[in-house]
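The values are calculated or read from the model by the stated rules, or taken from the named source; none is laboratory data. Values in this document were obtained by computation on a predicted structure and should not be read as measured data. No Cβ is skipped: glycine too gets one built from the backbone with ideal geometry, and neighbour counts run over all protein chains shown.
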Amino acid sequence: MTVLDEATKALSELEAELLQPTQEHLDSTALAERIRAVRRLLSKQETRWVGTTAAKRLLALGSENTVKVWARMGLLRSRRLPNGRIQVLLDDVLRRREETEGLSAIGGEDLTREELQALREDRPGRNPWEREKANPAQ
């Protein structure tokens with residue numbers, strides 16, 4: 001079994017455990033240690049980069065644009081390929097996922113002001129209410 005297969009199996013077990021509705025108390029310390037063990041498994045490999053689609057799936061995000069904004073903000077280390085595509089460091093993605101899962105366990109799912117501002121600035125075009133003000137004749 002390859003290291004990636006072992007890590008995938010361990011993450012699947014963790015996911016199944018987290019999805020069980022019968023667990024009233026989640027031991028976040030034990031969970032964090034199990035996630036660290038998976039990260040250690042993956043870090044034995046040489047540096048791995050993943051595309052924004054893979055990062056979006058690993059982070060359970062709705063949009064690849066969020067991954068790109070996080071990369072631009074420095075939350076995820078990234079590189080741009082000659083074809084213009086962005087890749088992010090897998091270790092950063094896994095660390096961010098660990099943080100998010102830890103925060104979700106205690107109810108901290110909201111974006112920070114900085115993240116909201118970056119998302120707002122990255123959005124192309126104007127907001128609908130800004131368009132109405134700019135074009136009152138319509």
Any chance the stretch 37-45 includes a residue that's within 30 Å of GLN20 (Cα to Cα) and modelled with pLDDT under 70? yes
Could you grab the pairs with beta carbons closer than 6 Å, sequence gap of 6+ or different chains, first residue in the stretch 81-98 and in contact (Cβ under 8 Å) with a residue 24 or more places away in the chain, second one assigned to a strand (DSSP E or B)? ILE86/SER78; ILE86/ARG80; GLN87/TRP49; GLN87/GLY51; GLN87/ARG79; VAL88/SER78; LEU90/VAL50
Considering only residues that are over 21 Å from LEU4 (Cβ atoms) and crowded, with 18+ Cβ neighbours inside 10 Å, which ones fall in the stretch 49-68? THR66, LYS68
From the options GLU101, GLU132, residue that is buried (at least 16 other Cβ atoms within 10 Å of the Cβ), at pLDDT below 90 and either of a type in the set (Asp, Glu) or in contact with a strand residue (DSSP E or B) (Cβ under 9 Å, 6 or more places away or on another chain) (or both): GLU101
Could you please tell me which pairs satisfy a Cβ distance under 8 Å, a separation of 6+ or placement on different chains, a first residue in the stretch 12-40 that is under 15 Å from THR100 (Cα atoms), and a second residue that is modelled with pLDDT under 75 and of a type in the set (Val, Ile, Thr)? SER28/ILE106
